[in-house]
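Here is the structure we will look at, set down as structure tokens.
The values are calculated or read from the model by the stated rules, or taken from the named source; none is laboratory data. What you see is a predicted model, and the numbers here were worked out from it, not measured in a lab. When we count neighbours, we look across all protein chains shown, and the Cβ atoms used for this are built from the backbone with ideal geometry, even at glycine.
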């Protein structure tokens, strides 16, 4: 076996130019596989994190049928035992109760329909990025009443600034008309245009009083310690809850449009990577087949001297493994440092209005992130090795089935 490996290594470098081109193509493919996988992982993780931090959280606890109806009639409670259970769970980084409703916001003769969210000012900071998106003024504070925070575009439409008062009108849980004046405490700038022109935040206590909601809440938004464990956390929490009173939903259930976008984008990326892998496979196949055809006489002679066909088969296979192995190692040596650099230095896209608009559609800042996870280089390496083995099968079979008498006739 050791002799076969040495023969394979020698044969690989018989034609350095052809070997160099094949190895270079493999290096390029491995580098591109790792880079594209890391960019896809990093960008979508960032987009998902930005989206859930301005919406549902990684996991959402709601009343039964809330996702279908999204009205005040579908409610739940955050009692002390549930709060203690969430605080003790190591997979929960933070949680915040909310009241979600809709209403009309007016200033002078301008009226705008808005989504009103009642939040706990302290708890919200552990879950969402909304407190960090204040452009002017400040976020809601505990103990302050009748204050409101508006999206930047919404404030422009209403023509209000910090300190102005706006009239909020809606229908309470008791089906009575609810209206009151709120003072603008802060103005946010949100990447999602629909939220920027239609989101208003008030304190949880004000929302419960305004909508005559008692201690009811619409949802509990939970931030997971690991974003990738959202589904597992939802299943873990759901198994310990009474489904007739409260349900646990991972973010793909709460934001199905975003989840579908992620799936479609990843399918497109996998198709591109598959085309790239096929190109590499043909490159390795061409190199090995040409090497076999050029050494037809050599194989015939060694077969005549008593070398078994399966040994010829193994030598050709080893050549393919060596070609792929050298390209794989060099590709990883180039790709991993590059990905780590991009991971530490995200690329802002502030100069591209088109890209900024595309990111804004999914509620994220226009920044390209890369994230290296062990699965990416491992998957890339195994894919290239599998491709090399498949590409070498036909040339190896052809070389092992050669007949010495045919070689002697061609001399």
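Condition check ((1) without any contact (Cβ under 8 Å) to a residue 60 or more places away in the chain; (2) surrounded by fewer than 19 Cβ atoms within 10 Å (Cβ to Cβ); (3) part of a helix (DSSP H, G or I); (4) not assigned by TED's automatic domain parsing to the domain that holds residue 21) across all residues:
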residue: 236; (1), (2), (3), (4): no, yes, yes, yes
residue: 243; (1), (2), (3), (4): no, yes, no, yes
residue: 263; (1), (2), (3), (4): yes, yes, yes, no
residue: 270; (1), (2), (3), (4): yes, yes, yes, no
residue: 280; (1), (2), (3), (4): no, no, yes, no
residue: 283; (1), (2), (3), (4): no, no, yes, no
residue: 290; (1), (2), (3), (4): no, yes, yes, no
residue: 299; (1), (2), (3), (4): no, no, yes, no
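When you look at residue 146, is it over 31 Å from the mean Cα position of the chain (by Cα), farther than 28 Å from residue 52 by Cβ and either modelled with pLDDT under 95 or crowded, with 16+ Cβ neighbours inside 10 Å (or both), yes or no? In short, yes.
The set of residues in region 72-112 that are within 21 Å of residue 176 (Cα to Cα), free of Cβ contacts under 8 Å to residues at least 40 places away in the same chain and either part of a helix (DSSP H, G or I) or out of contact with any strand residue (DSSP E or B) (no Cβ under 8 Å at 6 or more places or on another chain) (or both) is empty. Taking region 207-234 as the range and being within 17 Å of residue 71 (Cα to Cα) and either crowded, with 21+ Cβ neighbours inside 10 Å or touching a helix residue (DSSP H, G or I) at 6+ places or on another chain (Cβ under 8 Å) (or both) as the test, the residues that pass are 207, 210, 211, 213, 214, 215, 216, 217, 218, 219, 220, 221. Among the candidates 177, 183, the residue that is over 16 Å from residue 97 (Cα atoms), surrounded by fewer than 20 Cβ atoms within 10 Å (Cβ to Cβ) and without any contact (Cβ under 8 Å) to a residue 12 or more places away in the chain is uniquely 177. Test residue 360 against the criterion of being surrounded by 14 or more Cβ atoms within 10 Å (Cβ to Cβ), modelled with pLDDT under 80, in contact with a helix residue (DSSP H, G or I) (Cβ under 8 Å, 6 or more places away or on another chain) and in the same structural domain as residue 19 (by TED's automatic domain parsing), and give yes or no. Judged against the criteria, residue 360 is a match. The condition of being farther than 17 Å from residue 225 by Cβ and crowded, with 16+ Cβ neighbours inside 10 Å holds for only one of 62, 71, that being 62. Residues of region 113-131 that are in contact with a helix residue (DSSP H, G or I) (Cβ under 9 Å, 6 or more places away or on another chain) and without any contact (Cβ under 8 Å) to a residue 60 or more places away in the chain: 123, 124, 125, 131. Being buried (at least 19 other Cβ atoms within 10 Å of the Cβ), modelled with pLDDT of 65 or more and under 30 Å from residue 188 (Cβ atoms) is a condition met by no residue of region 391-402.
For residue 329, the stated conditions do not hold, so it cannot be described as assigned to a helix (DSSP H, G or I) and modelled with pLDDT under 80. Residue 221 meets each of the listed conditions (1) assigned to a helix (DSSP H, G or I); (2) assigned by TED's automatic domain parsing to the domain that holds residue 67 apart from (1).
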